[in-house]
Structures are given as C-alpha cells and as structure tokens.
1. Within the range 152-166, can you find the residues that are open to solvent by less than 10 Å² (accessible area, probe 1.4 Å) and either more than 14 Å from ILE198 (Cα to Cα) or out of contact with any helix residue (DSSP H, G or I) (no Cβ under 7 Å at 6 or more places or on another chain) (or both)?
2. Scanning the range 315-331 for residues that are open to solvent by less than 20 Å² (accessible area, probe 1.4 Å) and either of a type in the set (S, T, N, Q) or in a strand (DSSP E or B) (or both), which turns out nearest to HIS200 (Cα to Cα)?
3. Kindly provide the set of residues from the range 227-256 that are at pLDDT 95 or above and outside any helix (DSSP H, G or I), ordered by number.
4. Of (1) farther than 23 Å from ARG190 by Cα; (2) modelled with pLDDT under 95; (3) surrounded by 19 or more Cβ atoms within 10 Å (Cβ to Cβ), LEU142 satisfies all except one. Which?
5. Filtering the range 236-257 down to residues that are closer than 21 Å to GLN173 by Cβ and out of contact with any strand residue (DSSP E or B) (no Cβ under 8 Å at 6 or more places or on another chain), which residue is surrounded by the most Cβ atoms within 10 Å (Cβ to Cβ)?
6. Looking only at the range 65-75, which residues are within 14 Å of the chain's Cα centre (by Cα) and open to solvent by 10 Å² or more (accessible area, probe 1.4 Å)?
7. Filter the range 267-281 down to the residues that are aliphatic (A, V, I, L, M) and open to solvent by 40 Å² or more (accessible area, probe 1.4 Å) and list them by number.
Amino acid sequence: MSGQSGTQEALPPLDCTNIEVDSGMDYHESDEDQVPSGCVSITSSVVDYQYEHGRRYHSYSQGNYPMPNDETEQDRLDMHHQIFLKMLDGRLFLAPLDRTPPKRILDIGTGTGIWALDIAEHFPHAHVIGTDLSPIQPTMVLENCRFEVDDAELSWTWPPNHFDFIHSRLLGQSIKNWERYLQQVFHHLRPGGYIELIEHLMDVRSDDGSYPPGCALRLYMHNLNLALAQMGVPNVAARLKELVINAGFVEVKEEVRNMPWGPWPRDPRMKEIGYWALLNSDTSFEAYGLALFTRVLGMTGEEARELCTRAQRDLKNKHIHVYNPNYFIVAKKPFA
C-alpha cells in the first residue's frame, strides 16, 4: 500500500538538511527491535541465475548490475521502499502528477516491483510497466501493471513520446552512460510529461566531526567508489541535475534529502528513518560491496565480508553520526 490518504492532514516537510544529534540517545544491536512495524520473455537463460559467495545474481546482461537479487536482497529493497516513503512524507512521488493523472507510467529498474504496484494502485486508470534485469516481481499483480525483463542501457523499443511519467531510482550502480540513458528517457516521454529520478551519493557525510579518519566505514566507501570507477560507473548523484538539463528537460527541480544511518537525530521522524536505515544495513553493506570487492578489486570472499562486517560495526557505534545525501530530481519534457 502506498500509505497515501486524501483525508489525513499532511505532515510538515522533514528538515533533511541540518540534522541535530540527540545527545541522550543510546542504542545497540538489540535496539533494532525498536524499528516500527511493507523486454524479453522469461526463458530458462534469464532465470539461470549466477551464484557467488553464497549470494544470487542476475544472468540477463550478466555483470551489468553488481548487486544480488535473492530473497535477502528483495527484503532489503522492500524495506528501502518504506524508507523512501518516510523520507517523502508518505508520498510515492514529488512530480505534480495529480493535476493531470498519467495514462502510461514506466518504472526503470523496478526491483521487486513494489513502487510500480503502489503507483498502479494510486492511478488505477494508468497502465504501469516495470522493467528490471531480474524477473523477481510477483506474478499476481493488479490488472493495470505488468513487468518485463529488460536492460535500460540497450536501445528502448517503445514508441517515441509514449509515456506520461518515467521513474527510476538507485540505478547509480549499473548505468555507465547516463547521457544516453537520459536521451532515451527524453525520447520516449511525451511532451509535457514528467520524469522523477532518485540517486544517492555513494558516500556518507558527517557534520559534527564524528566520522573518524581511517575507520572501516571510510575504507569500505573508498573501495566501493574505487571499484565502481574501475567498472566505468560514475558517481552521478551530485551531477544528475546538470545531466537532466543537458538532456533537454525543463522545469528541473532538485531536492537533497539526507538519510541518517542510525537513530542518532533528535527529530523523532528523522530518528525513525535512522532506525530503518540501521536495520537495512544488516544486509546493505554486503549487497553493495561483496561482488564489487571480489570481482573488481580481487578480494577473497572472506576478505570482502570481513570489511563489510567491520564497516557495519562502525555504523552501529552511537558516537558516529553519518548520513547519506539522496538527490531527488523532477523535470518536464518541453512541448517544443
């Protein structure tokens, strides 16, 4: 469910720019209990998954996306969807879609399909397509929603000027040529249609000097970016607005919303997001790092897992107050 209701009073927007630390906060691993209680045919080759170091990875366009697709990862993705809902005050999107409800919606890199299903429920008269390298979406879906296996970096086969709204998030680990990707988005979006892109910086920040130099978390982030650079994958989040403008979009708006990695903020809503992020980290360090560290940097599986474990241990240190900037881009295709 999308969690949206027209009858509830809207909450004030979160102040995600300056996060005040709750100096009285104390938490340990046991505090996870406090988290509030969420286009090709599917041939045998597509589901003939690759297995490495106990994790399962996609086989279609093998190696393009260095993150797993097994049930552990699917649970993490669904949890991250809930984090985004909390960061967006219960909304599925920031674009002004309710003025003129879209008829055709495309969700690139749909993952488990949870956002696509929620948007199909929100706009019951729209036709929603979700694409991904892995066919891990549910088979029993709403009538106005379908899923396809596709690689967003290949040439798109939909008609030009076809979609009213194109959405993608967290493709920063897979898209190598963002200029071409955005050109295709522009080409297949109808004039007057909107895009919404969400990417997070592949790093963390701290404003109070609590992020120690030389800690395992810093080493993890350094190695993560080193591996992505060697793969030819740019750290695009901070440049995304510029790229969208260069692609020809207008009315380009950027919001940066910071996600605290842990329940250290004083603000109760940011604290709740931090709890969710800390719980999500139980599997996120390995999800992001394991394949990159072993495939690209030549670590053994044991070395990679050991670094992931030490980095997460740093995150659970109540004295380290880090957050991750998330860039939300909304833009419109001009009529001429």
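The values are calculated or read from the model by the stated rules, or taken from the named source; none is laboratory data. Computed from a predicted model, the values in this text were never measured in an experiment. Here the Cβ positions follow ideal geometry from the backbone for every residue, glycine too, while neighbour counts run over all protein chains shown. Surface accessibility is based on the protein's heavy atoms, side chains included, excluding ligands, DNA and RNA. Shrake-Rupley method; radii C 1.70, N 1.55, O 1.52, S 1.80 Å.
1. Hits for the range 152-166 are PHE163, PHE165.
2. ASN326
3. Once the filter is applied, which keeps residues that are at pLDDT 95 or above and outside any helix (DSSP H, G or I), the range 227-256 yields ALA247, GLY248, PHE249, VAL250, GLU251, VAL252, LYS253, GLU254, GLU255, VAL256.
4. Of everything listed in (1) farther than 23 Å from ARG190 by Cα; (2) modelled with pLDDT under 95; (3) surrounded by 19 or more Cβ atoms within 10 Å (Cβ to Cβ), LEU142 misses just condition (3).
5. Across the range 236-257, the extreme among qualifying residues is ALA247.
6. TYR65, GLN74, ASP75
7. LEU279
Residue-by-condition table, conditions (1) open to solvent by 30 Å² or more (accessible area, probe 1.4 Å); (2) assigned to a helix (DSSP H, G or I); (3) not charged (D, E, K, R):
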residue: SER168; (1), (2), (3): no, no, yes
residue: ARG180; (1), (2), (3): yes, yes, no
residue: VAL185; (1), (2), (3): no, yes, yes
residue: GLU196; (1), (2), (3): no, no, no
